[in-house]
Amino acid sequence: MAKPIELDDKSFDATVTKGTLPVLVDFWAAWCGPCRMVSPIVEELAQEYDGKMDFGKLDVDKYPAIANKYSVRSIPTLIVFQKGQPAKQFIGYRPKAEFKKDLDSLLASPGEAKK
């Protein structure tokens, strides 16, 4: 998957909680300025990590129940899921290099990353 997929109530479970690869989910909303700043970074990361992890985007205005389930209180929030469970959470904008450092660390030692 070279581009993040738009997640919804039905696809979230199949893609995130039952997926075989780690999945980074970008919790966002159209009105959110920092979300628009993070979006191109997520697109680039999806291409760079193709085959290593999957990427999805979830609009919190359309699917608030999923956001609430994972205690998303501010956006953008990005959560990396491993084996269906949250393994790492990022809140707010950060440079691409910081995301890459954390993602590389997470992929190198699955299950040992901390929030």
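Each reported figure results from applying straightforward, stated rules to the coordinates on display, with no laboratory input. All values derive from a computational prediction rather than experimental measurement. Here the Cβ positions follow ideal geometry from the backbone for every residue, glycine too, while neighbour counts run over all protein chains shown.
Between residues in the range 96-108 that are assigned to a helix (DSSP H, G or I) and residues that are of a type in the set (S, T, N, Q), which pairs lie under 9 Å by C-beta distance while being six or more apart or on different chains?
Partner pairs satisfying both residue conditions: L106/Q82.
So which pairs qualify, if the first residue must be in the range 11-38 and in contact (Cβ under 8 Å) with a residue 12 or more places away in the chain and exposed (fewer than 14 other Cβ atoms within 10 Å of the Cβ), the second must be charged (D, E, K, R) and in a strand (DSSP E or B), the Cβ gap must be under 8 Å, and the two must be at least 6 apart or on different chains?
Taking only residues 6 or more apart or on different chains, the pairs are A30/D59.
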